[in-house]
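Please read the structure below before turning to the comments.
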Amino acid sequence: MKKIGITGQKGFIGSHLYNTLGLQPEEFERIDFEKEFFDDAEKMDDFVKQCDVIVHLAAMNRHPDPQVIFKNNIDLVNSLIVSLERTGSKAHILFSSSSQEEKDNLYGKSKKEGRELLKNWANKSGGKFTGMIIPNVFGPFGKPNYNSFIATFCHKLTHGETPVIDHDGDVKLIYVGELVQEIIRKIETGDAQDLYEVQHTSENKVSEVLEKLENYRNLYFENGEIPELTTRFDLNLFNTFRCYFDIKNHYPVKFTQHIDPRGAFVEVIRLGIGGQCSFSTTVPGITRGNHFHTRKIERFAVIKGKALIQLRKIDTDEVLDFYLDGNEPAYVDMPVWYTHNIKNIGEEELYTIFWINEPFNADDADTYFLTV
């Protein structure tokens, strides 16, 4: 088992890497890191001594004064190097650099110089180093106006604002989940590589991305319709978009119910993709679920009885409660990385329709059990 530490553990890429490593506890032990360690030599050394691999992600990429960005990022690298030297560590250091390295800005310069400093440490000490040049990264939970233009667009489109394109160029992109798998592959092989260019997985004009996101807003955010998702990029972009809702106030979404002398009719889901639709009954007091997905799209629709649906983002303590009643049929969709359950809180059987965008595959279930 490899012991992995991540500086920037609670950041955008760091949190995704940390959570994904946690899905393989038989292979990886996560050594927790706090940003305060950079200012406490004893705690930093204790962290470094425990690690077989350190993924150095901690960095600043936005500040009004570019000199602050440069100094901060170099200081973080030097703090790590000093601790590596004090402890005599031979850990494999993976450093996240950027495609900005060759651009004329101080953020790119800080990344390039940081990579050179760590490479020199490895050459001098006999340590292992991999410098990863990473393209533009997008995905769930990125900070708007900080991590990615996609995060900014998603936030604006789901909060009543209008995105603005500053420059409509072609952008090379990688989904954060794909980047995490690339980092894990490097951890597993242990291959050291001073300069390793991570390949982008899609290339898009900014305006094309915005057009897709506007379509998701019109179809899904406003009308609950799952759009056609023909490529892996489309699925990743849609799952990213879904994470910017004000979930507390968006759900549950009431269906339009048509009632006549024969009874009632409700359209549960309209979609541009297939998937699997299931029906369940649940006796009073029973809870189903308590699991999360990292890629699947899922809808719970209550059509009879009373239910409590609960969601919790896996690295937080906040539990979101949604009360649904079959007398007013409604649904809740499950964002990725949110563990969820449904409980019959009524006195009669609960009738629920479940839809998920891909048929169940026991060999690749993308279902991880975790109590809400």
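The values are calculated or read from the model by the stated rules, or taken from the named source; none is laboratory data. Values in this document were obtained by computation on a predicted structure and should not be read as measured data. Heads up, the Cβs are rebuilt from the backbone with ideal geometry, glycines too, and the neighbour counts pull from every protein chain shown.
So residue 299 passes all but one of these: (1) closer than 25 Å to residue 229 by Cβ; (2) of a type in the set (D, E, K, R); (3) touching a Lys or Arg at 6+ places or on another chain (Cβ under 8 Å). Which condition number does it fail?
(3)
Which members of segment 38-74 meet the condition of being under 20 Å from residue 98 (Cβ atoms) and among the polar types (S, T, N, Q)?
Passing the criteria: 61, 67, 72, 73.
Right, residue 318: more than 24 Å from residue 23 (Cβ to Cβ) and of a type outside the set (Val, Ile, Thr) or not?
No.
Do you know which residues across segment 283-321 are surrounded by 17 or more Cβ atoms within 10 Å (Cβ to Cβ), over 15 Å from residue 334 (Cα atoms) and modelled with pLDDT of 95 or more?
If the condition is that a residue be surrounded by 17 or more Cβ atoms within 10 Å (Cβ to Cβ), over 15 Å from residue 334 (Cα atoms) and modelled with pLDDT of 95 or more, then 305, 306, 307 are the ones that fit.
Which condition number in (1) assigned by TED's automatic domain parsing to the domain that holds residue 12; (2) of a type in the set (D, E, K, R); (3) in contact with a strand residue (DSSP E or B) (Cβ under 9 Å, 6 or more places away or on another chain); (4) modelled with pLDDT under 95 is the one that residue 194 fails?
(1)
(1) exposed (fewer than 13 other Cβ atoms within 10 Å of the Cβ); (2) at pLDDT 90 or above: which one isn't true of residue 252, the others all being true?
(1)
What residue, of 235, 210, is within 18 Å of residue 356 (Cβ to Cβ) and of a type outside the set (Gly, Ala, Ser)?
Details: 210 fails: within 18 Å of residue 356 (Cβ to Cβ).
After ruling out the rest, the residue left standing is 235.
Only one residue in 332, 336 is part of a loop (DSSP other than H, G, I, E, B), hydrophobic (A, V, I, L, M, F, W, C) and either on the phi < 0 side of the Ramachandran plot or in contact (Cβ under 8 Å) with a residue 24 or more places away in the chain (or both). Which one? Reasoning before the result, please.
Details: 332 fails: part of a loop (DSSP other than H, G, I, E, B).
On inspection, the qualifying residue turns out to be 336.
Can you list the helices (runs of 4 or more DSSP H) lying wholly within segment 205-302 that have 2 or more residues being of a type in the set (Asp, Glu)? Spell out the reasoning first.
On the way: elements: 206-216, 232-242, 247-250.
It comes to 206-216.
Considering only residues that are at pLDDT below 95 and small (Gly, Ala, Ser), look in segment 123-141 and name the one that is nearest to the chain's Cα centre (by Cα).
Step by step, filter segment 123-141, then rank; the result is 127.
For segment 161-169, check the following and say yes or no: at least one residue is under 23 Å from the mean Cα position of the chain (by Cα), surrounded by 13 or more Cβ atoms within 10 Å (Cβ to Cβ), closer than 23 Å to residue 201 by Cβ and not assigned by TED's automatic domain parsing to the domain that holds residue 313.
yes
So which residues in segment 339-367 are without any contact (Cβ under 8 Å) to a residue 24 or more places away in the chain and assigned to a loop (DSSP other than H, G, I, E, B), if there are any at all? Step through it out loud before you land on a result.
Applying the first criterion (without any contact (Cβ under 8 Å) to a residue 24 or more places away in the chain) to segment 339-367 yields 361-365.
Hits for segment 339-367 are 361, 365.
Looking at (1) in contact (Cβ under 8 Å) with a residue 24 or more places away in the chain; (2) on the phi < 0 side of the Ramachandran plot, which one does residue 211 not meet, given that it meets all the others?
(1)
What number of residues within segment 24-56 satisfy the criterion of being surrounded by 14 or more Cβ atoms within 10 Å (Cβ to Cβ) and either among the aromatic types (Phe, Trp, Tyr) or touching a strand residue (DSSP E or B) at 6+ places or on another chain (Cβ under 8 Å) (or both)?
16
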